[in-house]
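Q: Before we start, here is the structure in question, set down as structure tokens.
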Amino acid sequence: MNTKSTASSGIQIDWKRIMFLMIGIILFAIVNYSPPWPDALDPMGKAFILSPQGKAAIALFLLAGTWWVFEVVPIGVTGLAIGVVQAFFHPAGRRRVQGFHGSVGIVYFRISHYRHGVHQGGHHQTAGL
């Protein structure tokens, strides 16, 4: 079965890849935005509440798992997407994203570090990292 088609400009579109990309995003949205789930019970009858952060972690796991298994995007891109999604859906809200705190800030700093030519002459100057 041929899942690729050629647009009028000669660019090939991989519909299978787009489909699995969207399936991952849809799974994330369904789980993350679903109403609160019932408590889980262990064999002894003790109830465990699933917090909104726990539900978001399950949603992110489904997104990343779908993308990894079906190789929708390179693994490195999926790994970076996990950090970015965690930052955008963090309970602290937009304030945390605007300040680039935590691991997302470090990734942003490293990318911009290379982009602005700090890496010169074969020696990398880490500027305090």
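Q: For the range 48-72, name all the residues that are surrounded by fewer than 17 Cβ atoms within 10 Å (Cβ to Cβ) and part of a loop (DSSP other than H, G, I, E, B).
A: Within the range 48-72, Ile49, Leu50, Ser51, Phe70, Glu71 qualify.
Q: Can you tell me which residues in the range 28-47 are without any contact (Cβ under 8 Å) to a residue 12 or more places away in the chain and in a loop (DSSP other than H, G, I, E, B)?
A: Once the filter is applied, which keeps residues that are without any contact (Cβ under 8 Å) to a residue 12 or more places away in the chain and in a loop (DSSP other than H, G, I, E, B), the range 28-47 yields Pro35, Pro38, Asp39, Asp42, Pro43, Met44, Gly45, Lys46.
Q: Give the residues of the range 69-85 that are in contact with a Ser or Thr (Cβ under 9 Å, 6 or more places away or on another chain) and of a type in the set (Gly, Ala, Ser), sorted by residue number.
A: Hit for the range 69-85 is Gly83, nothing else.
Q: Which one is farthest from Phe88 (Cα to Cα) among residues in the range 11-27 that are outside any helix (DSSP H, G or I) and of a type outside the set (S, T, N, Q)?
A: Ile11
Q: Given the structure, is Ile82 farther than 17 Å from Ser34 by Cβ and either modelled with pLDDT of 90 or more or in a helix (DSSP H, G or I) (or both)?
A: yes
The values are calculated or read from the model by the stated rules, or taken from the named source; none is laboratory data. Note that the structure is a prediction, hence the values are computed from the model and not measured. Neighbour counts run over all protein chains shown; Cβ positions are idealised from the backbone, glycine included.
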